[in-house]
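Working notes for the structure below.
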């Protein structure tokens with residue numbers, strides 16, 4: 001199903017707002033992982049404005065689609081997404097990572113309505129997603145399950161246990177999206193471990209694989225809406241992204257894995273995002 | 001105990017369509033009836049315990065009541081962080097069943113022993129730690145554990161253990177079962193050494209010692225009322241378990257004792273010690289090495305009583 005012009009506009013507008021909120025949240029709370037949040041803003045916008053069947057007024061609807069942010073360190077982007085999508089007031093983002101706030105720097109279901117799983121330790125989201133996809137199949141529900149992982153996360157063995165499980169069980173209602181920004185915490189993700197050929201790895205584990213520009217919301221939505229894949233396999237989307245995307249001085253600079261923006265940085269970043 | 005597990009989980013699944021059984025590539029023929037009755041509620045997850053535990057969490061987050069089943073050390077240590085975060089942090093109704101608890105697989109070597117599992121699992125918030133003493137307790141504990149609301153660890157033995165309960169006891173998670181009264185010593189046993197504890201009490205009684213036994217099938221939450229009564233009424237409380245000296249039931253009791261000083265009874269700890277059990281031989285042989293037979297326990301208790 002091709003996205004309509006309106007949908008594409010909405011996804012683009014959402015991505016821009018997610019980025020602005022994430023920059024402000026990191027600035028306010030001095031929280032890390034801004035580069036990771038900016039990297040996946042378009043995936044989140046495509047998912048929540050162009051793919052997921054979710055109702056912010058009924059976040060526990062058993063038939064809803066599930067989205068798991070397995071790269072939990074990008075929590076600011078998820079919270080911004082959920083707030084902008086109407087799960088809770090945008091004003092609540094002001095308290096993100098502040099003492100006493102339940103929106104911690106890694107998300108949990110008690111953080112905010114709409115968070116499906118507690119993540120932050122890498123390699124947990126896909127096994128949980130497998131269980132949700134399997135549960136939907138047992139219950140005869142049309143639920144689709146999307147799991148967003150980082151490329152560094154591909155280091156974790158549990159990812160590949162889950163990949164084999166999903167391939168073996170032919171979980172056609174499961175989609176893994178890999179935010180392939182080519183950085184992990186302390187180095188290039190293709191140099192730390194032998195990550196490439198990443199798409200071939202997923203194919204070898206019994207998945208159908210699509211590679212897309214991870215900042216093209218229309219292409220992302222089209223790929224995600226390809227679920228269930230006609231091949232009868234689970235679907236992996238390798239999203240080629242740029243860490244820190246949208247703010248020129250953060251793009252592909254891994255210092256922004258941990259750094260929080262100064263007042264100056266904030267003003268420049270917001271100006272760039274607004275003008276984009 | 002494992003046959004009681006298979007029989008009970010099959011019976012429970014007939015009543016509760018939410019029960020899903022996940023196996024770590026073990027016990028296949030044992031679950032033939034379950035698989036025959038509920039082919040869409042049994043999954044061999046392969047030798048991949050981390051994923052199996054995450055799958056259980058995903059199922060539970062979707063309204064199911066999953067049970068994971070494989071050899072105890074693999075279903076605990078291997079996937080400890082998945083248990084901690086996926087099950088305990090979410091506080092999900094999942095039963096982690098470990099077969100071959102303690103030294104049940106003694107002859108297979110230390111890779112297959114689990115003498116640290118109680119210590120690990122009871123350290124986790126929300127987790128209940130259940131160590132049945134015989135097949136009867138397996139069935140009763142499992143039936144309550146699947147009801148949730150949170151996660152449970154069910155530490156099973158192997159097969160053909162002696163049955164201690166000749167009549168079905170009133171069993172409640174968190175409440176010790178008094179099997180025989182004793183004024184001099186109360187043996188608090190958890191798990192599959194229960195027949196040895198009963199044997200020790202028998203030997204001691206024959207020597208004129210008033211020896212009681214309780215099955216402390218639940219290590220967490222600990223039955224503190226029962227501890228208070230035992231420490232107030234006896235001269236000695238002996239904790240017996242097929243578990244290392246660090247952090248098992250005796251560790252839990254010692255923690256309680258530290259918080260409640262001035263007790264009448266002193267504590268004697270009978271366990272597998274602080275080393276790996278390294279020697280060929282069956283469970284009986286391993287128990288002899290560790291002093292966990294009825295005879296050895298009775299001797300240790302008699303000595304402690306003076």
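The values are calculated or read from the model by the stated rules, or taken from the named source; none is laboratory data. In this text the structure is predicted, and so the values were computed from the model without any measurement. Virtual Cβ from ideal backbone geometry, glycine too; neighbours counted across all protein chains shown.
List of remarks:
- Criterion violated by residue B:175 - all others in (1) over 13 Å from the mean Cα position of the chain (by Cα); (2) outside any strand (DSSP E or B); (3) surrounded by 17 or more Cβ atoms within 10 Å (Cβ to Cβ) satisfied: (3)
Here is a yes/no grid of residues against (1) assigned to a helix (DSSP H, G or I); (2) in contact with a strand residue (DSSP E or B) (Cβ under 6 Å, 6 or more places away or on another chain); (3) within 18 Å of residue B:43 (Cβ to Cβ); (4) modelled with pLDDT of 95 or more:
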| position | (1), (2), (3), (4) |
| --- | --- |
| A:135 | yes, no, yes, yes |
| A:138 | yes, no, yes, yes |
| A:154 | yes, no, no, yes |
| A:162 | yes, no, yes, yes |
| A:168 | yes, no, yes, yes |
| A:171 | no, no, yes, yes |
| A:178 | no, yes, no, yes |
| A:203 | yes, yes, no, yes |
| A:210 | no, yes, no, yes |
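- The set of residues in region A:118-142 that are closer than 23 Å to residue B:19 by Cβ, at the interface with another protein chain (Cβ under 7 Å from one of its Cβ atoms) and in contact with a helix residue (DSSP H, G or I) (Cβ under 8 Å, 6 or more places away or on another chain) comprises A:127, A:128, A:129, A:130, A:131, A:132, A:134, A:135, A:138.
- Meets criteria (more than 30 Å from residue A:170 (Cβ to Cβ), without any contact (Cβ under 8 Å) to a residue 24 or more places away in the chain and away from every other protein chain (no Cβ under 14 Å)) for residue A:86: no
- Considering B:213, B:219, B:237, the condition of being under 20 Å from residue B:121 (Cβ atoms) and surrounded by 16 or more Cβ atoms within 10 Å (Cβ to Cβ) is satisfied by B:219 alone.
Let's see how each residue does on (1) under 22 Å from residue A:270 (Cβ atoms); (2) in contact with a strand residue (DSSP E or B) (Cβ under 7 Å, 6 or more places away or on another chain):
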{"residue": "A:32", "(1), (2)": "yes, no"}
{"residue": "A:39", "(1), (2)": "yes, yes"}
{"residue": "A:70", "(1), (2)": "no, yes"}
{"residue": "A:82", "(1), (2)": "yes, no"}
{"residue": "A:95", "(1), (2)": "yes, no"}
{"residue": "A:99", "(1), (2)": "no, no"}
{"residue": "A:106", "(1), (2)": "no, no"}
{"residue": "A:116", "(1), (2)": "no, yes"}
{"residue": "A:123", "(1), (2)": "no, no"}
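- Residue match in region B:28-44 (condition: modelled with pLDDT under 95, at positive phi, touching a strand residue (DSSP E or B) at 6+ places or on another chain (Cβ under 8 Å) and not in a helix (DSSP H, G or I)): no
- Any hit, region B:52-61, residues being surrounded by fewer than 24 Cβ atoms within 10 Å (Cβ to Cβ) and modelled with pLDDT of 95 or more: yes
To keep it simple, each residue is scored yes or no on (1) more than 24 Å from residue B:122 (Cα to Cα); (2) loosely packed, with under 15 Cβ neighbours inside 10 Å.
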{"position": "B:225", "(1), (2)": "no, yes"}
{"position": "B:257", "(1), (2)": "no, no"}
{"position": "B:260", "(1), (2)": "no, yes"}
{"position": "B:279", "(1), (2)": "yes, yes"}
{"position": "B:293", "(1), (2)": "yes, no"}
{"position": "B:296", "(1), (2)": "yes, no"}
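- Qualifying residue in region A:185-207 (condition: surrounded by 18 or more Cβ atoms within 10 Å (Cβ to Cβ) and under 17 Å from the mean Cα position of the chain (by Cα)): no
- Those residues of region B:31-74 which are away from chain A (no Cβ under 14 Å) and in contact (Cβ under 8 Å) with a residue 40 or more places away in the chain, in sequence order: B:69, B:71, B:72, B:73
- Test result for residue B:199, crowded, with 24+ Cβ neighbours inside 10 Å, within 19 Å of residue B:296 (Cβ to Cβ) and not assigned by TED's automatic domain parsing to the domain that holds residue B:140: no
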